[in-house]
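In what follows, a structure is listed as structure tokens, so that the remarks can point back to it.
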Amino acid sequence: MPYPKPLNCVVGAPVEFDSSKVLKEHPEDANLDMFVEAYHEQYVAAFKQLWDTHKDKYAADRRKSLDIVE
């Protein structure tokens, strides 16, 4: 490796998903897609929070910000 770079790994808190919230919002028509979408939204929010918390420490010289494409 001609240009060694440090590799930083940050681990956040576990993302806990409460399926009863989805069932309460859509009692008659709750399906797998609704659960996946709700969990995905929760995961992305936790990931963005983790990035915002640690970006200045580990990516101080960044040229771009975090973009999540959906």
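The values are calculated or read from the model by the stated rules, or taken from the named source; none is laboratory data. For clarity, every value in this text was computed on a predicted model and none was experimentally measured. Cβ placement follows ideal geometry from the backbone for every residue including glycine, while neighbour counts extend to all protein chains displayed. Surface accessibility is based on the protein's heavy atoms, side chains included, excluding ligands, DNA and RNA. Shrake-Rupley method; radii C 1.70, N 1.55, O 1.52, S 1.80 Å.
Rolling a 1.4 Å probe over the heavy atoms of the protein chains gives the chain an accessible area of 94 Å² per residue.
Share of carbon and sulfur in the accessible area of region 29-70 stands at 52%, probe radius 1.4 Å.
Summing charges over neighbours of ARG62, with a neighbour being any other residue whose Cβ is under 11 Å away from its Cβ, gives +1 when K and R count +1 and D and E count -1. Between 0 and 90 degrees, rounded to the nearest ten: what's the tilt of helix 32-58 against the longest Cα principal axis of the chain? Helix 32-58 and the main axis of the chain meet at about 20 degrees.
Full extension of the chain between LEU66 and LYS48 gives 5.7 nm of extra length, using 0.36 nm per residue less the Cα-Cα distance.
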